[in-house]
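Comments concern the structure below.
The values are calculated or read from the model by the stated rules, or taken from the named source; none is laboratory data. Quick caveat: nothing in here was measured; it's all calculated off a predicted structure. Using ideal geometry, Cβ is built from the backbone for each residue, glycine included, and neighbour counts are taken over all protein chains shown. With ligands, DNA and RNA removed, areas are computed over all heavy atoms of the protein, side chains included. Shrake-Rupley method; radii C 1.70, N 1.55, O 1.52, S 1.80 Å.
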Amino acid sequence: MADCVKLYGVAASEGIAVGPVFVHLPGKLKPERENIPKDAVEEEQRRFRDAVETVVEKLSETAEELREVGSESEAGIFEAHAEMAEDPEFSSEVEERVRNLESPEAAVISVGEEFAGIFAAMEDEYLAARADDVRDVASRIASRADGRQDGRPRSSGEALRGPGS
Amino acid sequence: MVEREAVVVPEAGLHARPAARFVKEAKGYTSQIVVIKGGREANAKSSLRLMTLGAKHGDRVMIRAEGEDEGAAVDALVALLSQEEE
């Protein structure tokens with residue numbers, strides 16, 4: 001254990017977890033492209049819808065996996081994130097922007113920021129904290145919608161599992 | 001059009017997880033459904049919009065539906081808001 005590194009942080013849940021560690025770098029996500037050509041609108045709308053579908057699928061899968069190991073409340077969080085990802089108002093605002101030649105990834109980030117801004121300004125502390133949830137969901141979709149491979153860890157669910165899993 | 005008032009019973013209010021449950025139920029109906037609080041309207045099928053209402057435990061909200069299954073939709077959603085989260 002020559003390379004043993006000790007990290008200190010805030011516990012997100014009780015217990016001991018063993019698994020791969022991922023570094024999460026929050027901050028403003030920069031879209032790969034700002035604009036798209038006029039003749040690409042339909043293709044980009046499809047790219048956005050595919051991205052939503054994939055993200056919803058992955059989040060639901062993670063929720064299912066967590067539920068199977070008895071982490072009911074964590075599963076609920078991922079389900080709520082999946083619900084945000086497929087939010088019809090979120091989608092229609094993004095689609096409207098893409099119609100106006102904004103790239104889907106730029107549109108997703110902007111609409112996510114709009115909602116995050118509304119939540120962050122709310123008095124209710126719990127709701128204010130939802131701003132990060134929206135940003136997280138938006139960045140998941142954005143990184144899938146820009147045509148590159150998703151850079152986010154596929155196995156982040158593993159790191160969330162508690163003992164006995 | 002059918003509308004009815006409901007008091008938000010879940011301790012957490014109409015927030016992330018309760019909102020997700022509420023939206024799931026609402027999506028089961030074809031009617032247009034809105035939740036109204038303090039003069040502001042939110043699409044009942046959008047968890048993000050619902051959360052922006054900031055409806056807390058004990059708040060009164062109005063549920064309004066319009067469409068083929070409006071009566072059943074309002075019944076189910078009022079019932080959902082009127083029970084504690086499992």
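Here are some notes:
- Long pairs among A:K58/B:K45; A:K6/A:K58; A:K38/B:K45, criterion Cα-Cα beyond 23 Å: A:K6/A:K58; A:K38/B:K45
- Degrees between helix B:16-26 axis and first principal axis of chain B (Cα, 0 to 90, nearest 10): 10 degrees
- Projecting the Cα positions of B:I36, B:A72, B:L53 onto the charge dipole of chain B (unit charges on Cβ atoms of Lys, Arg, Asp and Glu, taken about the Cα centre) puts B:L53 furthest along the positive direction.
- Accessible area (Å², per residue) of the protein assembly as shown, counting only protein heavy atoms and a probe of 1.4 Å: 56 Å²
- Within straight-line reach of A:K30, meaning a Cα separation under 16 Å, there are no lysines at least 8 residues removed in sequence or on another chain.
- Surface accessible to a 1.4 Å probe, A:R135 within the full protein complex, Å²: 90 Å²
- Nonpolar atom fraction for region A:9-106, defined as the carbon and sulfur part of the 1.4 Å probe accessible area, stands at 51 percent.
- Difference of contour (0.36 nm per residue) and Cα-Cα distance, A:R33 to A:S73: 10.7 nm
- More than 26 Å apart - percent of Cα-Cα pairs taken over the protein assembly as shown: 46 percent
- Taking packing as the residue-averaged number of other Cβ atoms within 10 angstrom, the listed peptides A:32-45, A:58-71 run from highest to lowest as A:58-71, A:32-45.
- Per the accessible-area calculation with a 1.4 Å probe, the total area buried between chain B and chain A rounds to 1700 Å².
- Take every pair of alpha-carbon atoms less than 8 Å apart whose residues are at least six positions apart; their mean separation over the length of chain B yields a relative contact order of 46 percent.
- Sorting A:112-120, B:34-42 by average packing, meaning the other beta carbons within 10 Å per residue, from highest down gives A:112-120, B:34-42.
- Grouping the Cα pair distances of region A:1-112 into 5 Å bins from zero gives a pair-distance distribution of 2, 10, 15, 16, 15, 12, 11, 9, 5, 3, 1, 0 percent in increasing distance order.
- Cα→Cβ-extended label distance, 7 Å offset, between A:I16 and B:V7, nm: 4.8 nm
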